[in-house]
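No lab work stands behind these numbers, since they all come straight from the coordinates. Since the structure is predicted, the reported quantities are computational estimates derived from the model, not experimental observations. Backbone-built Cβ (ideal geometry, glycine too); neighbour counts: all protein chains shown.
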Amino acid sequence: MPTLPVSWRELEAAAEAAMEPRAAGYVFGSAGTEDTALENLRAFGAWRIVPRVLRDISQRDLRTSVLGMDWPAPVGLAPIGVQNIVHDDGELATARAAAAIGLPMCVGTVAAHTLEDIAADLGETPRLFQLYWPTDHELAESFVGRAEAAGYGAIVVTVDNAFPGWKPRDLQNAHLPFIHGLGLANYFADPVFRASLEQPPEEDQGAAIGRFIGVFGNPALTWDDLDHLRASTTLPIVLKGILHPDDAREARERGVDGIVVSNHGGRQIDGAIASLDALPAIADAVGEELAILLDSGIRSGADALKALALGADAVLVGRPYLWGMALEGAEGAEKVLRFILAELDLSMALAGCVKPGELEPGMLVRRP
Ligand code: FNR
């Protein structure tokens, strides 16, 4: 008998019940009334799959190539910060889960473990580094250089988080992990960050946290800054948090390699468009030239199928792997990812397709 709930709604409820309230507020909280988080789910429900039958579906192959990397399936792990709030092993548990399947992991800047330690646990597993671009450009370049050295295959710049969104659950709990020094391993280990301090973080943690708060968000960032990043790395550059087709076009003009269509799981702007609803126009605008990833609301293999059919090259799973981790650590996260992959494989086959490249908009209709 499975020890983890197989239905994602039951899994979600079990995880919430098992979590300490502040951790649950952090994971489940979204911006404002949390309507955008709900809208992400409703958007998937509005598209219906119209299966085709009597095609040979005996052999399927989920493998795909994204941003020059070979992925075993068009599914990766979304970057999630400060994962030790959910489980002591944090990002290392996630890395073990990803590595057990070979699924690509997008590792966050704000993590309890360094990007090098996480890479070590990932082994040969494809990985991407999510960059929160600090106000100190030299620090940004240092992060990027470290990611290159540790075998990351792309830099994913999150562009929708210049300020953290208005999240009532975290506000109510007065929950801000950084002020306790949580999630700052990449900063505290960084030579450029350390050189900017009078005392090392081990000796004066308060000052190091103060410095972090000063450099973390960069609301002055503009498209022109991307030129510096482009010049400082040969890795593919991906912008995470694109919802407007004109921003997708601008990304293409600026030499960006890919985008993540994402509203950050509804955590930034209450009332924002669902990622899935933003996808078709963006795929029309840049789908031929840019890699398109999508996150926000992927809960099942059927959800992944819909996003792939509407033009995503791959999807990123976010909260669900945390739910598995909250209940059973690395093994729990791995099981959740395997559930999603198994359902994607089955749904694809039962809809009449044998590989991701065959998924196309014509196999979906909008609910009348
Ligand atoms: C996130 N997300 C996120 N994104 C990012 O670029 N850097 C980060 O550090 C974080 N941290 C983070 C923490 C928590 C608790 C959550 C739930 C999310 C956003 C994440 O990458 C992704 O966009 C969303 O999780 C997608 O929404 P769903 O599918 O998880 O609801």
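Here are the numbers for this structure:
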item	result
Per-residue [θ]222 nm for the chain (sum of -39500 (n - 2.57) over DSSP H runs n ≥ 4, rounded to 500)	-13000 deg cm²/dmol
Gain in span if fully extended, E198 to H228, counting 0.36 nm per residue against the direct Cα distance	8.0 nm
Largest to smallest principal axis extent of the C-alpha atoms in the chain, angstrom	70, 48, 40
3J(HN,Hα) from dihedral phi, the range 355-368, Karplus parametrisation 6.51/-1.76/1.60, rounded to Hz, x for glycine, proline	8, x, x, 7, 6, 8, x, x, 8, 10, 10, 6, 4, x
Burial ordering of D247, D56, fewest other beta-carbon atoms within 10 Å first	D56, D247
Neighbourhood net charge (15 Å Cβ-Cβ; Lys/Arg +1, Asp/Glu -1) for D295	0
Relative exposure of L337, L62, judged by other C-beta atoms within 10 Å (fewest first)	L62, L337
The range 92-97 - phi-based ³J(HN,Hα) in whole Hz, Karplus 6.51/-1.76/1.60, Gly and Pro as x	5, 5, 4, 4, 5, 5
Interchain or long-range residues, amide H under 5 Å from V66's placed H	W71
K240 long-range amide H proximity, modeled H, under 5 Å	V157, T158, V159, V260
Helix 35-46 vs. the chain, principal-axis angle (Cα, 0 to 90°, nearest 10)	20
Fraction of beta bridges assigned by DSSP in the chain that are antiparallel (%, nearest 5)	20
Cross-link reach list, lysines versus K167, counting only Cα pairs under 24 Å and skipping chain neighbours closer than eight places	K240
Label-to-label distance, nm, for residues given as A162 and E16 (7 Å Cα→Cβ offset)	3.3
Order of T109, T114, T33 - criterion: other Cβ atoms within 10 Å of each residue's Cβ, fewest first	T33, T114, T109
Long-range HN-HN contacts of L316 with modeled amide H, under 5 Å	G76, L294, D295
